[in-house]
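Enquirer: One structure is given below, represented as structure tokens, and several questions about it will come after.
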Amino acid sequence: MSEGLRQQISARLAKPRRVFVTPGGGEFEAWCRDLPGTAVELVVSARALHELVVEPGLPLADLDAVQAYAQQQFAHYFGAAAQRFAIAPWRLGEAAGASALHGLDLAALRTQAEAARVRLAAVRPAWSAWLASLPAATRAGTGRVVWHEGEIAVVIQLDRGRVTGVQSRRVQQLAELGGDAPLAVGTPADELIPQPGPATPEPDFLPRSGRSPLAWPLAATGALVLATAAWSAIDSHRALDVAQAARDRVATLRPAPTPKPAVRSARTEPAENRAAIEARALLAMPWEPLLARVETAGAEAKTIAWLGLEASASRGELRLEGLTPDKLLALQLAEQLGTTPGWRQVVLSRFSAAEAGLVGQRFEINARVATGGGS
């Protein structure tokens, strides 16, 4: 396997690391050079952003409508320069808003990541990542929380956990806001680890798709299974060709032995044949309905975070790994999958504390599933 392909696979499987980027983005370019084949979530400095909160009551049905409205508003305030802004809309209940990226070239960031085979998982405002890292009690409160970067601050107004305002301010202007002291103040030095609690805005400057966020890690994992299987099949066929050529050359140098009846079982099947058979079986598995069901069940649980998927087509077995803040959710998920046609013997096989750097409880679900071969 080539080094480039290894890095691509590694990037697909890697847990994204957070990198704080400021106007210009030079730190990210250097990071890509040093760590190819990894995954990253970019956390964008407030100095590279403009913020907008939509007035209550406007008929904006979805994120596309919020984005279109935000583009009009940014164009009104910033003129022709706003045409170059990348827009990240967000919607949370009745509240909606958008961030505009003006101090960084999103296309250049994506090109740098692609060149280094770095998977760009998200490009988010720093204030949104910080807000999600606050304790549940703070996020459920009423008052201001302030993200502070040097002379710039982002003031987020909360009303019993609902975000009702997001404003970029000069630090010297904070005194003009008056009122009580902020509920929390954050800086780029804070450890931005998501915490359970009330939902928070999740603006992302990467292009949206019509699929659920849960679908992409699962689809990527499934694609990796198929790609790895296909690669193994190619290697196996090459090995078979080489072995057959060698046997043919040896056969011409010695008399053929008297043929004896032979019985071949799965145990005596050459390893390269077994790998090729498994590869073909994996390619034939009904991945779309399998992944769609896992996606749907996980979406209902909301707080499930998927870590990986392994499959054995020859045995009709599937293993899912994920994170959850509550063991009951994992049990409910296993029960839901167990009622799905084609799924059987669904068992929550492992439940343990997550490793350092991960939030929640790690779990594994093992299941028998129908394959393309009818097993």
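The values are calculated or read from the model by the stated rules, or taken from the named source; none is laboratory data. Predicted model only: the values in this text are computed from it and were never measured. Don't worry about glycine lacking a Cβ; one is built from the backbone with ideal geometry, like all the others, and counts go over all protein chains shown. Note: accessible area is taken over every heavy atom of the protein model, side chains too, but ligands, DNA and RNA are not part of it. Shrake-Rupley method; radii C 1.70, N 1.55, O 1.52, S 1.80 Å.
Enquirer: Please specify each residue of the range 1-27 satisfying the condition of being open to solvent by less than 40 Å² (accessible area, probe 1.4 Å), part of a strand (DSSP E or B) and in contact (Cβ under 8 Å) with a residue 60 or more places away in the chain.
Expert: So in the range 1-27, the residues open to solvent by less than 40 Å² (accessible area, probe 1.4 Å) come out as 4, 7, 9, 11, 14, 19, 21-22, 25.
Next cut, part of a strand (DSSP E or B) only: 19, 21.
Scanning the range 1-27 gives a single hit, Val21.
Enquirer: Another question about this same structure. Out of (1) under 28 Å from the mean Cα position of the chain (by Cα); (2) in a loop (DSSP other than H, G, I, E, B); (3) not β-branched (Val, Ile, Thr), the odd one out for His50 is which?
Expert: (2)
Enquirer: Can you list the helices (runs of 4 or more DSSP H) found entirely within the range 103-161 that contain at least 2 residues being open to solvent by 50 Å² or more (accessible area, probe 1.4 Å)? Please lay out each step first, then the result.
Expert: Working: elements: 106-115, 126-132, 136-139.
By residue number, 106-115.
Enquirer: In the range 32-47, how many residues are in contact (Cβ under 8 Å) with a residue 40 or more places away in the chain and outside any strand (DSSP E or B)? Walk me through it before giving the result.
Expert: Filtering the range 32-47 for residues in contact (Cβ under 8 Å) with a residue 40 or more places away in the chain gives 32-33, 35-47.
Now restrict to residues that are outside any strand (DSSP E or B): 32-33, 35-38, 45-47.
Summing the residues that are in contact (Cβ under 8 Å) with a residue 40 or more places away in the chain and outside any strand (DSSP E or B) in the range 32-47 gives 9.
Enquirer: Looking at the range 300-328 only, could you name the residues that are under 20 Å from Gln195 (Cα atoms), among the aliphatic types (A, V, I, L, M), at pLDDT 80 or above and open to solvent by less than 60 Å² (accessible area, probe 1.4 Å)?
Expert: Scanning the range 300-328 gives a single hit, Leu323.
Enquirer: In addition: Would you mention how many residues in the range 162-192 are touching a Gly at 6+ places or on another chain (Cβ under 7 Å) and part of a strand (DSSP E or B)?
Expert: Counting residues in the range 162-192 that are touching a Gly at 6+ places or on another chain (Cβ under 7 Å) and part of a strand (DSSP E or B) gives 2.
Enquirer: If I filter the range 53-86 down to residues being assigned to a loop (DSSP other than H, G, I, E, B) and more than 28 Å from the chain's Cα centre (by Cα), which single residue comes out as farthest from Gln167 (Cα to Cα)?
Expert: Initially, the range 53-86 is screened for residues assigned to a loop (DSSP other than H, G, I, E, B), giving 54-62, 85.
From the residues that got through so far, the ones that are more than 28 Å from the chain's Cα centre (by Cα) too are 55-59.
On the way: Glu55: 13, Pro56: 16, Gly57: 19, Leu58: 19, Pro59: 22 Å.
Checked the range 53-86; the qualifying residue farthest from Gln167 (Cα to Cα) is Pro59.
Enquirer: For the range 28-49, which positions are open to solvent by 40 Å² or more (accessible area, probe 1.4 Å) and at pLDDT 95 or above?
Expert: First, pick out the residues of the range 28-49 that are open to solvent by 40 Å² or more (accessible area, probe 1.4 Å): 29, 31, 33-36, 47.
Answer for the range 28-49, where residues must be open to solvent by 40 Å² or more (accessible area, probe 1.4 Å) and at pLDDT 95 or above: just Arg47.
Enquirer: Output the number of residues of the range 178-196 satisfying the condition of being in contact (Cβ under 8 Å) with a residue 12 or more places away in the chain and more than 20 Å from the chain's Cα centre (by Cα). Can you show your working first?
Expert: At the first step, the residues of the range 178-196 found to be in contact (Cβ under 8 Å) with a residue 12 or more places away in the chain are 179-180, 182-188, 190-196.
With more than 20 Å from the chain's Cα centre (by Cα) added as a condition, the list becomes 179-180, 182-188, 190.
Here the count works out to 10.
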